[in-house]
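First comes the structure, then the notes that go with it.
The values are calculated or read from the model by the stated rules, or taken from the named source; none is laboratory data. Because the structure is a prediction, the values reported are computed rather than measured. All Cβ positions, glycine included, derive from the backbone under ideal geometry; neighbour counts span all protein chains shown. Areas reflect the complete protein model, heavy atoms only, side chains present, ligands, DNA and RNA absent. Shrake-Rupley method; radii C 1.70, N 1.55, O 1.52, S 1.80 Å.
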Amino acid sequence: MGRRPARCYRYQKNKPYIKSRYCRGVPESKIRIYDVGAKKAPVDLFPFVAHLVCDEKQQISSEALEAARVAINKHLGKTVGKDNYHIRMRAHPYHVLRANKMLSCAGADRLSSGMRHSYGKPIGVAARVDIGQILLSVRAKDQHEPHVIEAIRRGKFKFAGRQKILKSLKWGFTKYHREDYVRMRRSGELSADGNIVKVHNRRGPLEKSTLFQAGQE
């Protein structure tokens, strides 16, 4: 018996059902890599970021998430080069999907129990997503903006329902708007820490404080 079509599991009908000591034998998620591309690129290198935002309350299977990741990675690898972008998948599939497996061979009606003991066996996993939830984000340089948006548009076809592509006003994967980010980096309030930033905690000796030396409180 093959996989059921994803339309059978598109809507959030039941409670979250996760892998646990009671729910065993769950197949592995198809998506295993959530960060692709130049994931160690410093935070200052990729200021532009675009998000794919879900517009429906639904479930997205791990197969669909993996297919979207592959499609986006392929397009960006060809157009901008593998060192010029960073994709982050932000929906994680934890919800276990079940199916009451039926026999469909000849003479199955004698063997099958119909709807008796019909609680299904795990067949896969899906991510439960809400309206306005970010499914994936891509950061890159400003000149690669059209390629990033086209890549996300191609990845969008792997999902059911409606999604929107949003261009962020923030710097990379940080929570700061671009103007604030530039100002705070210059003043020493923020310091680069890999692909994110650290906020100065205003502790320690004054002679070592970059903020104090810059004349700030």
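Under 7 Å by Cβ, and 6 or more places apart or on different chains, what pairs join a residue from segment 1-23 that is closer than 17 Å to ILE123 by Cβ and aromatic (Phe, Trp, Tyr) with one that is in a loop (DSSP other than H, G, I, E, B) and open to solvent by less than 90 Å² (accessible area, probe 1.4 Å)?
From residues that are closer than 17 Å to ILE123 by Cβ and aromatic (Phe, Trp, Tyr), the pairs are TYR17/CYS23.
Looking only at segment 14-28, count how many residues are over 22 Å from the mean Cα position of the chain (by Cα) and loosely packed, with under 12 Cβ neighbours inside 10 Å.
Within segment 14-28, residues that are over 22 Å from the mean Cα position of the chain (by Cα) and loosely packed, with under 12 Cβ neighbours inside 10 Å number 6.
Here is a check on your reading of the model: is PRO122 over 30 Å from VAL138 (Cβ atoms) and either in a helix (DSSP H, G or I) or of a type outside the set (Phe, Trp, Tyr) (or both)?
Against the criterion (over 30 Å from VAL138 (Cβ atoms) and either in a helix (DSSP H, G or I) or of a type outside the set (Phe, Trp, Tyr) (or both)), PRO122 qualifies.
State which residue pairs qualify: first residue under 30 Å from VAL36 (Cα atoms) and inside segment 90-101, second residue of a type in the set (A, V, I, L, M, F, W, C) and part of a loop (DSSP other than H, G, I, E, B) in any location, beta carbons under 7 Å apart, and separation of 6 or more residues or different chains.
Between residues of segment 90-101 that are under 30 Å from VAL36 (Cα atoms) and residues that are of a type in the set (A, V, I, L, M, F, W, C) and part of a loop (DSSP other than H, G, I, E, B), the close pairs are PRO93/ILE31; VAL96/CYS23; VAL96/VAL26.
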